[in-house]
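Reading through the structure tokens given below for one structure.
Each value in this text was obtained by applying a stated rule to the coordinates, not by laboratory testing. Everything quoted here is computed from the prediction, not taken from an experiment.
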Amino acid sequence: MHREFPVVAFLAALLLLLPLPWHWRARNVATLSMILWLFVINVIYGVDAIIWGNNVNVVVPVWCDITSKIIIGATFALPSACLCVCIHLERVASVRQAQTTHSDKRRRQIFEAIMCFGLPMLFMGLHYIVQGHRFDIIEEYGCRPTTYVSIPAVFLIWVPPLLLATLSLGFAAAAFMHFMRRRITFARHLESSRNGLTTTRYFRLMLMAVVEMVWNILVTAYTLWFSMLGARPWTNWDDVHSNFSRIDLYITAFTPQIVITNYYLVWWVVPASTFIFVAFFAFGKDAIDEYKACFVWFRRTVLRQTVLDSTPGSFGSLPVTHYPRDVTSSVPSVSTMPSYKASSPTKDKDGFDDIYLPSINQSDYGAPISSPAPAYQARAYGSVEDLHAPPTPSTLPSSSYASSFLTDVIDISRQNSLNGIEPHQIV
């Protein structure tokens, strides 16, 4: 018994959830369809490996009727999705379209939806033409679709995926040629086309599509070669569909070893395709940003921790000092600081006003910092009554005060430059 089958299948399905948020926000129908189809097939493989791990009992025939058709659809959906990706990349890299408008994106999404879902459903229905009987049940593998291997089956089941994969490689080659022609200004061209792609994302998508298609061509060619070993002549419709309701059962102990080996190799095609897809998208910058955002959300929502924003130049990167309301008098008053418009006072959970003060060590600058400087680096709420009033001449700093303040700022900036401190590190 292959005990690793359920673990590998469900693990592959879970890994597909890692790049899902970014592709969902980008509304990329082609890549979303790849995630969906691979996820569903991996779940089907995992469930089948559990139910039929050591038996060939017909326990859920309706499940087999549905899943066998979905497996047929997936063989067309994956190359169709890669073709849509390559068509989009070639169009973006060319000069035929200066910018991507909302209507252009909408038309592309409709086209990709038809190619990634409509076309597979069409071939799922056409499969009935060469479906010799209901389905097969293979020990340790579960339900599988059956095909009456003949010349019509070759053109209905194996030729279309090979054609889609070949077209994908052709569009990928054309996109690469466009890149070589304008490689110096390619990044600026992507930005001006307003398609949401960067150079890194562009090549990641292209490499993923090319690798998946090369892999698909090899697997499809091997499957076609092995299936043709048992090819039969097409006689007539009644002969092909005679006794259509039967279910063939394949017990491992009574199945030739070459057939068992073929089943084993074909089973790994879907998990391997999943790992290839995840390898291109689960470790990029976009995915890492998603992981960080999820981790921050978990700490804030579940663990109830205070997480400061580490974005350079934000107040979240500075230490936060909490002052009770009765000591706000120590904060510089309006007479010693310029007037600002401020929002309503905000309180933390302890009832204190939040005052954000940068922690500055005077020894780092070589000289004490004069008192006016913190007034321009602090935010105090609730300590004055006329914060909402517009500045008046009486509230504006005098010329001598402004001159002293500018001198202090210049001194601090000069010391910061000597010490290698960037402005956003203290403001």
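Karplus couplings for the stretch 146-155 from phi (6.51 cos²θ - 1.76 cosθ + 1.60, θ = phi - 60°), rounded to Hz, Gly and Pro as x?
These are the phi-based 3J(HN,Hα) values: 10, 9, 7, 5, 7, 4, x, 5, 4, 7 Hz.
How big is the Kirkwood radius of the stretch 12-146, worked out from every pair of different alpha carbons and given in Å to one decimal?
This gives a value of 16.6 Å.
When the gyration tensor of the stretch 6-90 is built from Cα positions, what are the square roots of 5 times its three eigenvalues, in whole Å, from largest to smallest?
Equivalent ellipsoid semi-axes, largest first: 29, 15, 9 Å.
Tabulate in residue order the Karplus-calculated ³J(HN,Hα) for the stretch 223-238, using 6.51 cos²θ - 1.76 cosθ + 1.60 with θ = phi - 60°, rounded to whole Hz; enter x for Gly and Pro.
4, 5, 4, 5, 5, 5, 5, x, 5, 10, x, 7, 9, 7, 4, 5
Would you mind listing how long the stretch 234-307 runs along its three principal axes, going by Cα atoms, in whole Å with the largest first?
If we take the Cα atoms of the stretch 234-307, the spans are 72, 28, 25 Å.
What residues qualify as long-range amide H neighbours of Tyr148, i.e. H under 5 Å apart, gap of 5 or more or another chain, H built at 1.01 Å from N?
The answer is Gln131, Gly132.
For the stretch 113-159, treating each Cα as an identical point scatterer without solvent, what Debye log10 I(q)/I(0) comes out at q = 0.28, 0.30 1/Å?
Taken in order of the listed q values, log10 I(q)/I(0) reads -1.00, -1.04.
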